[in-house]
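Worksheet for the structure shown next.
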Amino acid sequence: MSTGIERESGSDPRFAEPYRALVRPEGARFIEVLDQRELPHAVVTKRVTDVDAATAAIRDMVVRGAPLIGAVGAYGLALALDADASDAALERAHAKLDAARPTAVNLRWALDRVLARVAPLPVSRRADAAWCEADAIRDEDVAINAAIGRYGLELLRALGGEGRAVDVMTHCNAGALATCGFGTATAPIFLAHDEGLPLHVIVSETRPRLQGANLTAWEMASRDIPHTLIVDSASGLLMRRGEVDIVIVGADRVAANGDVCNKIGTYDKALAAADNSIPFYVALPSPTIDWNAVSGDAIPIEARAMDEVLTIAGASASGERVAVAIAGRGTNARNFAFDVTPARLVTGYVTERGIARNAAELHALFADRGN
């Protein structure tokens, strides 16, 4: 039986510079995505042709990053409706995709948006409408990324001057690989680099899946942006030594009170930044805000397989992809994928509508969200 997800040989020029994590060829009733599990050692695209493949791509982290997961989920619903646009099939596909990853709110947001668009329509019109809505979600994300980049750029400009490089610390990957466009936390960095502002990016490896080492460092190298990879636990030391000017991270879900759920290890950086009076900013598109979550305590924290902690994957000297054990037999592990940073530790939220300094300002920026 076909899985609906096919490996493409070689690299696709559409994913070169500027690369895209998701492509829907014009008129196609499928999408193509970068398999992010293969980076940085190989650039591999996969073709997603049905809802099961879209679900697997999200669940198995072929794609990751809250905005990208949402877009792939939207296209997955469109693929499902191509096969069966009945009410029952729509409900099944929505539930299947929604269960693929529990923490990032963008997935549910995108699925609900497509559902609201197609449910009132006759069955014969639902699939086409779903494809149009998924395209709109993708295009809006590109525009949101650009706006976040422009607002965040002002923060970096204010820290620059006299030719000194601005030292920016990141965590996990909130780049183009996590979105449909330029990224969230990386968008200001990309724009600053393009305009010639001296930058140095400190990339934390982000155990256990190494999204910083494998993805963010790859994105910086692809754009010739000076960067240095560090182990996660070195972050506090560098801040204490005065080697960090600003921390910018992304988010998987932000609660109504401003608490931020992001990749595990974000809370540690926020604590160190606060202790050393270093600004800590969260770059987020508005669909990442869960207005119904009163605080971070209401956000489900995904726990993944302990093998991700007990083994580490990489490339051998010959280029072969290998996984090796880093703990002895009989050792158990806990693998929480996310943590919650309290709003009191956040200097500001960089959104597509501007920078909010606290939850009240965040609510004011999006006061028309129900309209």
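The values are calculated or read from the model by the stated rules, or taken from the named source; none is laboratory data. Model, not experiment: these values are computed from the prediction. Glycine gets a Cβ as well: all are built from the backbone with ideal geometry, and neighbour counts include every protein chain shown. Just the protein is used for accessible areas: all its heavy atoms, side chains included, with ligands, DNA and RNA removed. Shrake-Rupley method; radii C 1.70, N 1.55, O 1.52, S 1.80 Å.
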Next on the checklist: Condition (residue is open to solvent by less than 50 Å² (accessible area, probe 1.4 Å), within 19 Å of Gly76 (Cα to Cα), assigned to a loop (DSSP other than H, G, I, E, B) and at pLDDT below 90) applied to segment 4-11: is it met by at least one residue?
Outcome noted: yes
Checklist entry - Any residue in segment 239-251 that is open to solvent by less than 60 Å² (accessible area, probe 1.4 Å), under 30 Å from Arg37 (Cα atoms), part of a strand (DSSP E or B) and touching a Cys at 6+ places or on another chain (Cβ under 9 Å)? => result yes
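When the residues of segment 177-219 are filtered to those that are charged (D, E, K, R) and surrounded by fewer than 23 Cβ atoms within 10 Å (Cβ to Cβ), which remaining residue is farthest from the chain's Cα centre (by Cα)? Give the steps one after another, and end with the answer.
Within segment 177-219, the first condition is being charged (D, E, K, R), and the residues that meet it are 194-195, 205, 207, 209, 219.
When the remaining residues are screened for being surrounded by fewer than 23 Cβ atoms within 10 Å (Cβ to Cβ), the result is 194-195, 205, 207.
Values: Asp194: 22, Glu195: 24, Glu205: 15, Arg207: 16 Å.
Top of the filtered list is Glu195.
Counting only residues that are under 12 Å from Trp131 (Cα atoms), give me the helices (runs of 4 or more DSSP H) lying completely in segment 20-98 with at least 1 of them.
Numbers: elements: 51-59, 66-83, 87-98.
Hits in segment 20-98: 66-83.
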Item to check | For Pro287: the one exception among (1) over 22 Å from Leu156 (Cα atoms); (2) part of a helix (DSSP H, G or I); (3) of a type outside the set (Asp, Glu); (4) touching a strand residue (DSSP E or B) at 6+ places or on another chain (Cβ under 9 Å) | outcome: (4)
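Quick test for you: out of Ala53, Ala74, Ala95, pick the one residue that is at pLDDT 95 or above, farther than 23 Å from Asn145 by Cα, among the small types (Gly, Ala, Ser) and buried (at least 18 other Cβ atoms within 10 Å of the Cβ). Talk me through it step by step, then tell me what you get.
Details: Ala74 fails: farther than 23 Å from Asn145 by Cα; Ala95 fails: buried (at least 18 other Cβ atoms within 10 Å of the Cβ).
Going through Ala53, Ala74, Ala95 in turn, the sole match is Ala53.
Taking the conditions exactly as written (within 27 Å of Gly181 (Cα to Cα), touching a strand residue (DSSP E or B) at 6+ places or on another chain (Cβ under 6 Å) and open to solvent by 60 Å² or more (accessible area, probe 1.4 Å)), does Ile301 satisfy them or not?
Values: within 27 Å of Gly181 (Cα to Cα): yes; touching a strand residue (DSSP E or B) at 6+ places or on another chain (Cβ under 6 Å): yes; open to solvent by 60 Å² or more (accessible area, probe 1.4 Å): yes.
In short, yes.
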Checklist entry - Just wondering, is there one or more residues in segment 199-215 that are aliphatic (A, V, I, L, M), more than 18 Å from Arg164 (Cβ to Cβ), assigned to a strand (DSSP E or B) and touching a Leu at 6+ places or on another chain (Cβ under 9 Å)? => result yes
Next on the checklist: Which count do you get for residues in segment 113-143 that are in contact with a Leu (Cβ under 8 Å, 6 or more places away or on another chain), of a type in the set (A, V, I, L, M), without any contact (Cβ under 8 Å) to a residue 60 or more places away in the chain and part of a helix (DSSP H, G or I)?
Outcome noted: 6
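Answer yes if at least one residue in segment 324-338 is touching a Phe, Trp or Tyr at 6+ places or on another chain (Cβ under 6 Å), in contact (Cβ under 8 Å) with a residue 12 or more places away in the chain and closer than 30 Å to Glu154 by Cβ, and no otherwise. So that I can check it myself, show each step before the final result.
Residues of segment 324-338 touching a Phe, Trp or Tyr at 6+ places or on another chain (Cβ under 6 Å): none.
Checked segment 324-338: no residue is touching a Phe, Trp or Tyr at 6+ places or on another chain (Cβ under 6 Å), in contact (Cβ under 8 Å) with a residue 12 or more places away in the chain and closer than 30 Å to Glu154 by Cβ.
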Checklist entry - With segment 314-371 as the region, which strands (runs of 3 or more DSSP E) entirely inside it contain at least 2 residues that are buried (at least 19 other Cβ atoms within 10 Å of the Cβ)? => result 338-341, 348-351, 354-356
Checklist entry - How about segment 252-293: which of its residues are touching a residue at least 40 places away in the same chain (Cβ under 8 Å), open to solvent by 10 Å² or more (accessible area, probe 1.4 Å) and among the hydroxyl-bearing types (Ser, Thr, Tyr)? => result Tyr267, Tyr281, Ser286
Next on the checklist: Which condition from (1) under 27 Å from Tyr19 (Cβ atoms); (2) aliphatic (A, V, I, L, M); (3) in contact with a Gly (Cβ under 9 Å, 6 or more places away or on another chain) is the one that Ala255 breaks?
Outcome noted: (1)
Checklist entry - Can we say Asp141 is open to solvent by less than 40 Å² (accessible area, probe 1.4 Å), closer than 22 Å to Gly76 by Cα and in contact with a Cys (Cβ under 7 Å, 6 or more places away or on another chain)? => result yes
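With the condition kept exactly as written, say whether any residue in segment 263-279 is in a strand (DSSP E or B), under 22 Å from Thr103 (Cβ atoms) and of a type in the set (Lys, Arg).
Step one: list which residues in segment 263-279 are in a strand (DSSP E or B), which gives 263.
Narrowing the set further to residues that are under 22 Å from Thr103 (Cβ atoms) leaves 263.
Keeping just the survivors that are of a type in the set (Lys, Arg) gives 263.
Yes, because at least one residue in segment 263-279 is in a strand (DSSP E or B), under 22 Å from Thr103 (Cβ atoms) and of a type in the set (Lys, Arg).
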Checklist entry - Taking Asp307 and the conditions (1) open to solvent by less than 20 Å² (accessible area, probe 1.4 Å); (2) more than 15 Å from Asp339 (Cβ to Cβ); (3) of a type in the set (D, E, K, R), which numbered condition does it fall short on, given that it satisfies the others? => result (1)
